[in-house]
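For reference, the structure discussed in these notes is given below.
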Amino acid sequence: MNRLTYIIAALAVLFGVVNSLMGGNEGARRPQLEQSNASPKYQAAPTRPNRSPNRSPNRSSGPTIEVDVGDKGSSTGTAFAITDDGWWLTARHVAHGCDAIWLQTAPRKGWRVTEVHLHPNADLALLRTNAGRAPLAMALSAPGRGESGFSLGYPQGEPGDVHARVIGSARMKSVGRYRIDEPILAWAEVTRKPRDLPALGGLSGGPMLDDRGRVVGVLVASSKRRGRVMTAAPSSIQELLSQYPEAQSNSGAGAVSRQINGNSFTSLGKALRRDLTIAKVLCRVRQGRRRP
């Protein structure tokens with residue numbers, strides 16, 4: 001079997017069965033936060049700009065994954081700072097349909113999200129708060145096959161981290177609560193910490209960092225088989241940010257970018273969570289009402 005045939009076969013096995021989107025467990029126990037009657041202000045990003053031919057993903061290449069986005073209930077996720085004045089990036093399915101969203105700053109304390117801006121055709125969302133933290137640096141290009149990535153956040157609503165390697169590119173179609181069709185990157189887990197972490201739910205919206213600590217993706221889904229994760233493509237991140245210049249105005253100032261490897265990723269995750277560069281998202285849907 002030649003190398004190309006092996007890669008195609010491996011991707012076919014990988015994407016044969018796909019798990020649900022990686023939101024936290026609906027209705028899971030979480031801190032009681034001050035109730036807000038105001039829902040966050042939602043806004044769909046303007047129509048995506050035309051891509052240059054040399055950067056347009058090939059819709060016919062790679063496997064296509066279909067994911068069912070079910071009804072929205074109260075849940076947790078992960079977000080990370082992209083400016084120091086209150087702009088954050090997360091997954092669309094983490095923020096979509098919430099009556100109130102908070103970024104947890106301490107037990108029973110949090111910053112209320114006042115604005116939510118959704119990518120029109122990718123599982124990405126921008127959040128706005130009145131306070132900010134040191135942002136993560138953005139990579140300028142996508143990682144290649146076999147390169148390492150490190151996802152840091154709150155799987156199962158608790159601190160946790162994943163070391164993975166790029167397998168290849170694919171497309172993800174989300175159906176149900178909303179419909180989107182986007183390019184993604186697939187990753188194979190090398191290790192997760194803690195090792196006994198049963199699932200990655202709640203890590204959605206967390207950053208995938210390269211070995212220089214720069215953002216190369218956002219966690220959006222996991223495969224049903226243990227050890228496979230998917231991230232929104234860097235091109236989709238740039239499309240969303242290009243519509244909101246204020247979300248990039250000072251993203252280079254004080255940006256966090258540190259060397260990271262398989263031995264140091266857990267200590268970096270701990271530091272970024274402590275500094276609130278990476279934060280837990282708390283989505284509240286009013287009791288007795290699940291939003292479609």
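Laboratory data are not the source of any read-out in this text; all were calculated from the coordinates shown. Everything quoted here is computed from the prediction, not taken from an experiment. Cβ sites come from the backbone with ideal geometry, for glycine too, and all protein chains shown count toward neighbours.
Largest first and to the nearest Å, give the Cα extent of the range 71-215 along each principal axis.
Per principal axis, max minus min of the Cα coordinates gives 39, 33, 32 Å.
Looking at this model, which pairs from K193/K270; K173/K193; K193/K280 are more than 19 angstrom apart at the alpha-carbon? It would help to have the intermediate numbers written out before the result.
Details: K193/K270 11 Å; K173/K193 29 Å; K193/K280 17 Å.
K173/K193, as the Cα separations exceed 19 Å there.
What is the Å³ per residue value for the convex hull set by the Cα atoms of the range 134-178?
167
Rounded to the nearest 0.05, what FRET efficiency is calculated for S141 and S267 with R0 set to 22 Å and r the Cβ-Cβ distance?
Details: r = 26 Å, r/R0 = 1.20.
For S141 and S267, the calculated efficiency is 0.25.
Points 7 angstrom from Cα along the Cβ direction at A134 and R212: gap in nanometres?
The answer from the label model is 1.8 nm.
Would you work out which of I180, G157, A137 lies farthest towards the positive end of the dipole of the range 122-206? Charges go on Cβ: Lys and Arg +1, Asp and Glu -1.
It is I180, whose Cα lies furthest towards the positive end.
Taking the mean number of other Cβ atoms within 10 Å as a proxy for protection, how do you rank 73-86, 190-203 from highest to lowest? All intermediate terms of the calculation are to be shown ahead of the outcome.
Numbers: 73-86: 24.4, 190-203: 16.7.
Ranking the peptides 73-86, 190-203 by packing returns 73-86, 190-203.
What number in nm² do you get for the range 141-206 if you take the convex hull of its Cα atoms and divide its surface by four?
Values: hull surface 20.9 nm².
Quarter of the Cα hull surface area: 5.2 nm².
Suppose each label sits 7 Å from its Cα in the direction of the beta carbon; what would the V175-S242 distance come out to in nanometres?
Each label point is offset 7 Å from its Cα along the Cβ direction, giving 3.0 nm.
What do you get for Rg/Rh over the range 189-233 if you use C-alpha atoms and the Kirkwood form of Rh?
Details: Rg = 10.7 Å, Rh = 11.3 Å.
In the range 189-233, Rg relative to Rh is 0.95.
Can you check what the Kirkwood hydrodynamic radius comes to for the range 81-165, Cα pairs only, in Å to one decimal?
Numbers: mean 1/r = 0.0686 Å⁻¹.
One over the average 1/r among Cα pairs gives 14.6 Å for the range 81-165.
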